[in-house]
Amino acid sequence: MIAWLDTLLQGILLGGLYALFAAGLSLIFGIMRLVNLAHGDLIVLAAFIVLVLMHALGLDPFLATLVAMPVLFAVGYALQRALLNRTLGRDILPPLLVTFGLSIIIRNGLLEVFSADSRRLSAGAIEVASVQLGGGLAVGTMHLITLASAVGVIVALNLLFYRTELGRAFRATSDDPEIAQLMGIDNKHIFSLATAIAMVAIVVSALYLGMRATFDPTIGPARLLFAFEAVIIGGLGSFWGTLAGGIIIGVAQTVGGKINPEWQILAGHLAFLAVLVLRPRGLFPRVGE
Amino acid sequence: MGLLEAHRLAAFYGDFQALYGIDLELAEGETVAIIGANGAGKSTFLKTIAGMLPAPAESITFDGRPIGGLPVADIVRLGISLVPEGRRLFPSLSVQENLKIGAYGRREAGYWSLNRVYDLFPALAERCAAPSQTLSGGEQQMAAIGRALMANPRVLLCDEISLGLAPIVIRGIYAALPKIKANGASVVLVEQDIVQALKVADRVYCFQEGRLALSGRPAELSRERIHTAYFGT
């Protein structure tokens, strides 16, 4: 019994990581219906930027992430403004092709600069610390912080979306970009801000990616897949749904892995397919979709 | 000189020409109605003024300044707001948020504020927290007008605001017009309801197949002339 409870708990905590991966994707897809196939590679790129900042400035991973945030905000704004805005239109193919190409460019660029060696963001003692919950249950401190960060990111995005003028502009532009312009909203600027903010969420997910396990330039696409599944399970445009989606995948993976270690990844995908069959619009579809 | 002028304005949807050299003038404080059959180019004209369709710079002037082809958002900031055909409220925003977004990015205060819009359309105040899609058609139209007013426009362009509404609802909406005019907005109405248009407008323009067929003050226009200009027979 305790063993299963432990499995469930680990799954929920793992879901925090997937929700972090998915938050930026959810934001971009929710606002401009842009499927960013380079999302996973951008997470890996962000992890390398944190790594470089750690070594260059002698910082711990958390501080290096703080420094990286404004850098990636600017990168995100420029990426959307200079490149991705040009791909948006009635046709859904151009953004897919361009972000697919971007994904390849980032991956090979990182291989060229950093080689295929595995790296990690060393955080010291906190990596192996754990919290006793009693009854023989213990959870890793790092895993707890990951989930807490995921909840923090989701809360922050919700506040931004539903409590600020910029958030109203995000939702209005998502609803009806043509009429949004009639309100004096500059869609291109709004989209660029959305990607900039998504990049801040991406660097947070990169922090935990790099602290919890090793990473190398090639692991991006698998992260994209988990993130995308979490977004679809949760329902497009719902941040809490994205968190729920991440947790569902996380729990499915740990439960599947408990039954048979080979089933871990498979179980996550099966859970995704099951939700897709039962609730094609996800668990928390937004009004007007 | 008019506040808003169109000079030989032409408009195209791709290769299809929808407007052929329209001349139109709106003086400060005036209400102008554009009437015409379906497909006459009335909505196209408003969309072109609002910047949603391309136009040569000099073909539209606002306050003497050429504004043709400026980005939509820039034209709104200059003081021209469009109430789009079909209301087009933002479905994921509440009624109040729809109104607030009308004032997006504006710091300078004008006459119109949230409270003043609620005074103008008290029905909206009662439903302010409701999702915009739950409003009745008339309430949605009020919200769409209120949203445009929140920008404190000098020119308010209204596209078919009586479309699909019951006569009593239409009267309620048009009752707000004097107050809108009194507080600094000149108005261009596109209207299929000719009687309503002639009642409220200072001057009327009748479009026919993308061309100007007739214009003048309602009192000067006979029923026959309007009929001919409208149907083209």
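Once the gyration tensor of the Cα atoms in the stretch A:245-289 is diagonalised, the equivalent ellipsoid follows with semi-axes of 25, 9, 5 Å, ordered largest first.
Net charge in the neighbourhood of A:SER130 (other residues with Cβ under 15 Å of its Cβ; Lys, Arg +1, Asp, Glu -1) is -1. Normalised by the number of residues in chain B, the average gap of Cα pairs under 8 Å and 6 or more apart makes the relative contact order 27 percent.
Mind running the shape call on the stretch B:46-115? Use the C-alpha gyration tensor, a ≥ b ≥ c as the square roots of the eigenvalues: rounded below 1.5 for a/c, prolate if a/b tops b/c, oblate otherwise. Oblate is the answer for the stretch B:46-115, as a/c is 1.5 or above yet b/c matches or exceeds a/b. Largest first, the residues B:VAL83, A:VAL35 sort by 1.4 Å accessible area into A:VAL35, B:VAL83. Distances between placed amide hydrogens fall under 5 Å for B:LEU4 paired with B:LEU26, B:ASP63, all partners being 5 or more residues away or on another chain. Selection among A:GLY268, A:LEU96, B:LEU9 by position relative to the dipole of the protein assembly as shown gives A:GLY268 as farthest towards the positive end (Cβ unit charges, Cα centre).
The slack between A:LEU57 and A:GLU112, meaning 0.36 nm per residue of separation minus the straight C-alpha distance, is 17.5 nm. On the basis of the beta-carbon distance and an R0 of 45 Å, B:GLU224 and B:ALA129 show a calculated FRET efficiency of 0.30. Counting only DSSP beta bridges with both residues in the protein assembly as shown, the antiparallel share comes to about 55 percent. Taking only Cα atoms, what is the 0 to 90° angle, nearest 10, from helix A:187-212's long axis to the longest principal axis of chain A? Around 10 degrees separate the two axes.
Helix screen, chain B: no DSSP H segment has Cα axial length of 30 Å or more and mean Kyte-Doolittle hydropathy at least 0.0. Under the convention that each Lys and Arg Cβ holds +1 and each Asp and Glu Cβ holds -1, the size of the dipole of the protein assembly as shown around its Cα centre is about 460 debye. Computed with a 1.4 Å probe on the full set of protein chains, the accessible area for B:THR44 sits at about 10 Å².
Residues whose amide H lies under 5 Å from that of B:ALA213, counting only those 5 or more places away or on a different chain, are B:CYS206, B:PHE207, B:GLN208; hydrogens are built 1.01 Å from N in the peptide plane. Fully extending the segment from B:ALA27 to B:ALA176 would add 51.6 nm, taking 0.36 nm per residue of separation and subtracting the current Cα-Cα distance. The orientation-averaged projection of the convex hull spanning the C-alpha atoms of the stretch B:154-233 amounts to 5.8 square nanometres.
Give the angle, between 0 and 90 degrees and rounded to the nearest 10, that separates the Cα long axis of helix A:2-32 from the longest principal axis of the Cα atoms of chain A. It works out to around 10 degrees. In a simple Cβ point-charge model (Lys, Arg +1; Asp, Glu -1; nothing else charged), chain A has a dipole of about 320 debye relative to its Cα centre.
Summarising the label geometry, the points placed 7 Å from Cα in the beta-carbon direction at B:GLU108 and A:ASP91 lie 4.2 nm from one another. Other residues with beta-carbon under 15 Å from the beta-carbon of A:ILE92 carry, at +1 per Lys or Arg and -1 per Asp or Glu, a net charge of +2.
Suppose a student asked you for the relative contact order of the stretch B:1-125, using Cα pairs under 8 Å spaced at least 6 residues apart; what percent would you report?
Values: 144 pairs, mean separation 24.1, N = 125.
Relative contact order for the stretch B:1-125 comes out at 19 percent.
Relative to the 2.2 N^0.38 Å rule of thumb, chain A has a C-alpha radius of gyration ratio of 0.99. Here the accessible area is traced with a 1.4 Å probe on the protein chains. For the stretch B:95-233, carbon and sulfur cover 53 percent of it.
Using +1 on the beta carbon of Lys and Arg, -1 on that of Asp and Glu, and nothing else charged, what's the dipole of chain B about the Cα centre, debye to 20? Dipole magnitude for chain B comes out near 420 debye. A 1.4 Å probe, protein heavy atoms only, puts the accessible area of B:GLU25 near 80 Å². What angle do you read, to the nearest 10 degrees and between 0 and 90, between the alpha-carbon axis of helix A:264-278 and the longest principal axis of chain A? Approximately 50 degrees, to the nearest ten. Volume per residue of the convex hull around the Cα atoms, evaluated for the stretch A:45-111, comes out as 88 Å³. Per residue, the accessible area of the stretch B:1-131 comes to 41 Å² when a 1.4 Å probe rolls over the protein heavy atoms.
Can you classify the stretch A:1-127 as rounded, prolate or oblate using the Cα gyration tensor, where a ≥ b ≥ c are the square roots of its eigenvalues, rounded means a/c under 1.5, and otherwise it's prolate if a/b beats b/c and oblate if not? Please report the intermediate quantities before stating the final value.
Details: a/c = 2.06, a/b = 1.28, b/c = 1.61.
Because a/c hits 1.5 or more and a/b fails to exceed b/c, the stretch A:1-127 counts as oblate.
Name the shape class, rounded, prolate or oblate, that the alpha-carbon gyration tensor gives for the stretch A:1-60, where a ≥ b ≥ c are the square roots of its eigenvalues, rounded holds for a/c under 1.5, and otherwise prolate holds if a/b is larger than b/c and oblate otherwise.
Because a/c hits 1.5 or more and a/b fails to exceed b/c, the stretch A:1-60 counts as oblate.
Rg/Rh for the protein assembly as shown (Cα atoms only, Rh after Kirkwood) is 1.09. Close amide H contacts of B:LEU9 (hydrogens built in the peptide plane, cut-off under 5 Å, sequence separation of 5 or more or a different chain): B:GLY21, B:ILE22, B:ASP23.
Protein heavy-atom accessible surface, 1.4 Å probe, per residue over chain A: 42 Å².
Here is the result for the stretch B:41-101: no GluC sites (Glu not before Pro) lie in DSSP coil with at most 15 other C-beta atoms within 10 angstrom of their C-beta. Chains B and A together bury roughly 2100 Å² of accessible area, counting both sides, with a 1.4 Å probe on protein heavy atoms only.
Counting Cβ atoms of other protein chains within 10 Å of each Cβ in B:84-93 and taking the mean gives 6. Convex hull over the Cα atoms of chain B, averaged projected area in nm²? Computing the convex hull of the Cα atoms and averaging its projections yields 12.5 nm². A helix-only calculation puts chain A at -25000 deg cm²/dmol for mean residue ellipticity at 222 nm, using -39500 (n - 2.57) for each DSSP H run of at least four residues, averaged over all residues.
The values are calculated or read from the model by the stated rules, or taken from the named source; none is laboratory data. Everything numeric in this text was worked out from a predicted model, so none of it was measured. In this analysis, Cβ positions are derived from the backbone assuming ideal geometry, glycine residues included, and neighbour counts consider all displayed protein chains. In case anyone asks, the SASA skips ligands and DNA or RNA and just uses the protein heavy atoms, side chains included. Shrake-Rupley method; radii C 1.70, N 1.55, O 1.52, S 1.80 Å.
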